[in-house]
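A short worksheet on the structure shown next.
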Amino acid sequence: MIKTLFAAQMLPAARYSLGALKNQSKPLHLVSRTVHTRTKPRISPPPKLRPTGSDHNANSITPFGWGLLIIPATTFGLGCWQVYRKQWKEGLISELERKIHMPPVPIPDDLSELNQMEYEPVTVRGQFLHDREIHLGPRACIQHGDSHTAGGLFSQKEASIGFLVITPFKLEGRDDKILINRGWVPKRYLDPETRREGQVSGTVELQGVVRLPENRPQFTPKQRGAIFMYRDVERMAAIGGTEPYYLDATVSSTVPLGPVGGQTRVTLRNEHLSYIMTWFSLSGFTTWLWFRQIVRGKSF
C-alpha cells in the first residue's frame with residue numbers, strides 16, 4: 001500500500017519534468033513564435049485631420065462675423081459718395097467762374113430778378129449815400145495784380161487786417177436803393193473822415209457782382225452796432241434804408257485813396273480728394289482685417 005501512494009505522488013512530478021525537457025529541446029525561435037502569436041498587437045489611433053479651408057469658411061463664420069462686413073461696406077460707400085461730391089463741387093466752381101466772367105448786363109428793372117443772378121456781373125448808374133456807410137469785417141484783402149496800389153491806402157503788412165465798406169447806392173432815374181460793397185480798407189482808415197478824398201460824389205457808373213445773403217456762421221455772435229461780421233443783407237438794408245440787394249464792386253471801381261474793389265471770393269472749399277483717400281483706405285484695411293480675423297482665424 002505504501003508503494004502505491006508513493007507512485008501516485010511521483011507520477012505528476014515526472015510528467016511535469018518530462019514536459020519541461022521537451023520544451024527545452026525545441027529551438028528558441030519556435031518558442032518565441034509561439035509567444036508572439038498569442039499576444040495581440042497594439043494599433044495606434046489614426047491622426048486627427050484638420051478641417052480644410054472650405055470647411056472652415058462654411059461652418060465657422062458666425063452671424064456676428066458676417067455682420068462685421070458692414071464696416072468695410074459702409075466706408076466703401078462713403079468713398080463712392082465723396083467721388084460724386086468731388087465731381088459736383090468741381091462743376092459748381094466751374095459754373096461760378098463762368099458766371100463771374102460773363103459780360104455785364106444792366107441791372108434789371110425788377111430787382112427781384114437778382115435773386116437768380118448770383119455771381120453775375122451787372123452795371124449800375126447812380127449816387128453813393130456816404131452818410132449811411134456800413135462796415136463788414138474783419139477781412140483780409142483780396143489783391144488782383146496791382147489793384148492794392150491803386151487805392152494807395154495800405155502797405156503789404158496791412159493786407160490781412162481790414163474791413164469792407166458797404167455803402168447805400170441810389171439808382172439813377174428810379175427811387176430804388178441798393179447796397180454796394182465798394183471794397184476793402186485797412187483798419188486805420190475805417191473812419192470815413194480819414195479818407196475823404198476817396199468818397200466819390202456825384203453820378204457814377206460802375207460794375208458789380210450780384211451776391212445773395214449769407215447765413216450766420218457757427219459760433220459767430222449776433223450783429224451789434226454798425227460793424228457786421230457776416231453778410232446779413234436784410235439787416236444791412238434795414239440800417240441803410242435800402243432794398244435787400246447787394247453788389248460787390250469790381251476792381252475797376254477803385255479810386256485813389258478809396259476802398260480797394262474786387263473783393264468777391266469765388267473759391268469754394270474742395271477737400272473731397274482727401275476724403276476719398278481716407279474712406280477707401282479704411283475700406284481696404286477693414287476688409288483685410290475681416291478676412292484675416294474671421295475667415296482665416298488668425299490673431300495678432
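Each reported figure results from applying straightforward, stated rules to the coordinates on display, with no laboratory input. Note that the structure is predicted; figures quoted are calculated from it, not measured. Here the Cβ is made from the backbone with ideal geometry for all residues, glycine too, and neighbour counts use every protein chain on show.
Distances between placed amide hydrogens fall under 5 Å for Tyr245 paired with Leu179, all partners being 5 or more residues away or on another chain. If the label point is 7 Å along Cα→Cβ of Arg132, which residues in the stretch 170-200 have backbone nitrogen under 16 Å from it? Residues 170-182 qualify, since their backbone N sits under 16 Å from the label point. Here the stretch 90-139 was treated as a single set of alpha-carbon atoms; its pair distances binned every 10 Å from 0 give 19, 33, 40, 8, 0 percent.
Computed from backbone phi with θ = phi - 60° and the Karplus coefficients 6.51, -1.76 and 1.60, the 3J(HN,Hα) list for the stretch 75-88 is 5, 5, x, 5, x, 5, 5, 5, 4, 4, 5, 5, 5, 5 Hz; x is used for glycine and proline. Calculated on the alpha-carbon coordinates, the convex hull of the stretch 170-295 measures out at 185 cubic angstrom per residue.
Length available on full extension from Thr62 to Ile227: 0.36 nm per residue minus the Cα-Cα distance, which gives 53.1 nm. Full extension of the chain segment joining Leu69 with Phe285 gains 76.6 nm, where the gain is 0.36 nm per residue of separation less the Cα-Cα distance. In angstrom, the C-alpha Rg and Dmax of the stretch 179-222 are 14.6, 41. For Val83 and Ile161, what does the FRET efficiency come to when R0 = 35 Å and r is the distance between their Cβ atoms, rounded to the nearest 0.05? The formula returns an efficiency of 0.35 here.
In a DSSP loop and with at most 12 other Cβ atoms within 10 Å, the trypsin sites (Lys or Arg not before Pro) in the stretch 217-259 are Lys222.
The GluC sites (Glu not before Pro) found in the stretch 213-286 that occupy coil by DSSP, while having at most 15 further C-beta atoms within 10 Å, are Glu214, Glu271.
State the percent of C-alpha pairs, over all pairs in the stretch 212-264, separated by a distance greater than 13 angstrom. That tail contains 65 percent of the Cα-Cα pairs. With 31 Å as the limit, the listed pairs Lys86/Lys170; Lys177/Lys222; Lys99/Lys177; Lys86/Lys298 have Lys86/Lys170; Lys86/Lys298 beyond it between alpha carbons.
Loop-located trypsin sites (Lys or Arg not before Pro) in the stretch 163-214 (DSSP state not H, G, I, E or B) with no more than 13 neighbouring Cβ atoms inside 10 Å: Arg174.
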